[in-house]
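What follows is a single structure, written as structure tokens, with notes after it.
The values are calculated or read from the model by the stated rules, or taken from the named source; none is laboratory data. Since this is a predicted model, take the numbers as computed values, not measurements. Counting neighbours? That spans all protein chains shown, and the Cβs are built from the backbone with ideal geometry, glycine included. We work out accessible area using only protein heavy atoms, side chains counted, and drop any ligands, DNA or RNA first. Shrake-Rupley method; radii C 1.70, N 1.55, O 1.52, S 1.80 Å.
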Amino acid sequence: MVDTTRSAAPTTGTSLKGSVGVAGIVFLVIAAAAPLTAVAGSLPVMVAIGNGAGAPLAYVVAAAVLLVFSVGYAAMSSEVTDTGAFYAYVTQGLGRSPGLGAAALALLAYTTIQAAIYGLAASTLRDVVLRFGGPDLPWWLWAVVLLGVVALLGYRSIDLGARVLGFLLVAEIALIVLLSVAVLARGGAHGVDAASFTPSAFLSGSPGIALMFAIGSFVGFEATAIYGEEARDPRRTVPVATYVAVATIGVLYAVASWAVVLAFGSAEVQAAAQVDPAGLTFVAASTFLGGTAADVMMVMLVTSLFAALLAFHNAIARYAFALARAGYAPRRLMEVHPRHGSPHAGSLVQTASAVVLVGVFALAGADPVLELFTWMAGVSIVAILAVMVLTSVAIIAYFRSVGSGRTLWHTTVAPVLGTLGLVGITVLVIANFTTLIGGSRVLAIAFLALVAATFLGGTAVGRWRRPARRSA
């Protein structure tokens, strides 16, 4: 039976506190998307092994699908306010068992993407330190430093985290916009053209790989609803923040990636990316903004990755809080800090889990980028897509069950279209999954099996275990 309670608001003493507004939530979501990481990290790979100059249109397609999905998602956020977000929505629409399956998938997705970013961030930080004459220290030591800072900020109020991310994000976006303006103003390498946005360019090469990286660049999108309880006016803040965040990320990625393509030329950019994928965006920055700007961009890439780490840390801690409050996780995890109003116990557990996962790769002598980052990012993309498909179906079921004063577009048409779009992208991702995680078919099957087992394990808990009783 579907629980049609309109709000999962807890009793006094188990509510998160905060006064974050639309801008703060948008900052948290875009920070998780890590714009500079997408432009300097994902884009060169999309161009090199994906669809070349057609990569910018992949961002447009991904944003369009997510905007359609956001229609039902935003409508649902006005009906149900809960820090569990996807988990809460699937529970409301499809029932307890699928809801816990979705929660398990979400925890897997965010835990693995955060571990992946720790690998990339630590490796990047090591390179930056070496570039400026610092000591050559192992990557895992830099990961420990990052873990400590993230743990400190994650333990505190969400308002503090939003302010830190806001400052870093403004600088990051400013640099991306500056590069885009410089390339377009100077006409790129061979003039400005719109070849990147033509169907022929998009369908060339392997568009599935480009879409896979494009949708991965939006991971963290759910955060608009995760912070609903800590928003000043969740019924207004969450829907507005959702649309603003997805549209902003989509436009920023599309324009910035187009500028990088033009910096080399639509016909030449794929060859340049294949020769030096890691340096593609930095070469563009050096050419059109100067060598100093390229150095600044390297430093800003570290802060971009740090912002994403903090955003995902906050998301995971709040999922643990939501599950504990519902009675499916230890009661300690639903404790709210008396001064900071944060899920501090969940934050500490999240830090410990990150230490364990990153530590396993470090002890195994794994490469922080080619193995830790690539493998864990691949698992995360598949898991989060599965959660989003479940959520979209749950939104349709919820509004059919309880009714609403909203239009058919909000409650049925847009969610159905969003579901179809997400299913299509998921099929493309799975078809190209072996490429995403480095070419090992055995490893690809093992990771996909892990995603499936996680969902089935969550649904089994929902079916066979009653939530623990908790005092009011």
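Can you pull out the residues in segment 273-297 that are open to solvent by 30 Å² or more (accessible area, probe 1.4 Å), part of a helix (DSSP H, G or I), within 16 Å of V39 (Cβ to Cβ) and among the aliphatic types (A, V, I, L, M)?
If the condition is that a residue be open to solvent by 30 Å² or more (accessible area, probe 1.4 Å), part of a helix (DSSP H, G or I), within 16 Å of V39 (Cβ to Cβ) and among the aliphatic types (A, V, I, L, M), then V283, L289, V296 are the ones that fit.
Could you tell me whether T242 is on the phi < 0 side of the Ramachandran plot, modelled with pLDDT under 75 and open to solvent by less than 20 Å² (accessible area, probe 1.4 Å)?
no
Those residues that are within 14 Å of the chain's Cα centre (by Cα) and either acidic (D, E) or surrounded by fewer than 24 Cβ atoms within 10 Å (Cβ to Cβ) (or both), I need them from segment 74-107; list them, please.
L107
Out of L152, L178, I need the residue that is at pLDDT 95 or above, open to solvent by 60 Å² or more (accessible area, probe 1.4 Å) and among the hydrophobic types (A, V, I, L, M, F, W, C). Which one?
Unique residue meeting the criteria: L178.
In the set G205, G188, G265, which member is within 21 Å of L436 (Cβ to Cβ) and either open to solvent by 10 Å² or more (accessible area, probe 1.4 Å) or modelled with pLDDT of 85 or more (or both)?
None of the other options fit; the residue is G205.
Sort out which residues of segment 353-380 are among the small types (G, A, S), more than 18 Å from the chain's Cα centre (by Cα) and modelled with pLDDT of 90 or more, and write them in order of number.
G359, A362, A364, G365, A366
Among the residues of segment 433-446 satisfying the criterion of being open to solvent by 30 Å² or more (accessible area, probe 1.4 Å) and touching a helix residue (DSSP H, G or I) at 6+ places or on another chain (Cβ under 8 Å), which is modelled with the highest pLDDT?
L443
Would you be able to say whether some residue in segment 126-136 is in a helix (DSSP H, G or I) and crowded, with 24+ Cβ neighbours inside 10 Å?
The answer is no, given that none of the residues of segment 126-136 is in a helix (DSSP H, G or I) and crowded, with 24+ Cβ neighbours inside 10 Å.
Any residue in segment 197-215 that is within 16 Å of A48 (Cβ to Cβ) sitting within a Cβ distance under 9 Å of a residue that is modelled with pLDDT under 90 and in a loop (DSSP other than H, G, I, E, B)? List the pairs, counting only those 6 or more apart or interchain.
Between residues of segment 197-215 that are within 16 Å of A48 (Cβ to Cβ) and residues that are modelled with pLDDT under 90 and in a loop (DSSP other than H, G, I, E, B), the close pairs are S206/N432; G208/N432; I209/N432; L211/N432; M212/N432.
Would you please list the contacts, defined by Cβ atoms under 8 Å and residues six or more apart or on different chains, that run from a residue in segment 116-133 that is of a type in the set (K, R) to a residue that is open to solvent by 10 Å² or more (accessible area, probe 1.4 Å)?
Partner pairs satisfying both residue conditions: R126/D136; R126/L137; R126/P138; R126/W139; R126/W142; R131/D295; R131/M298.
What are the residues in segment 29-73 that are among the aliphatic types (A, V, I, L, M), under 16 Å from A284 (Cβ atoms) and surrounded by 24 or more Cβ atoms within 10 Å (Cβ to Cβ), if any?
L36, A38, V39, A40, L43, M46, V47, A53, A55
Restricting segment 122-138 to residues that are of a type in the set (G, A, S) and in contact with a Pro (Cβ under 9 Å, 6 or more places away or on another chain), which is modelled with the highest pLDDT?
Result: A122.
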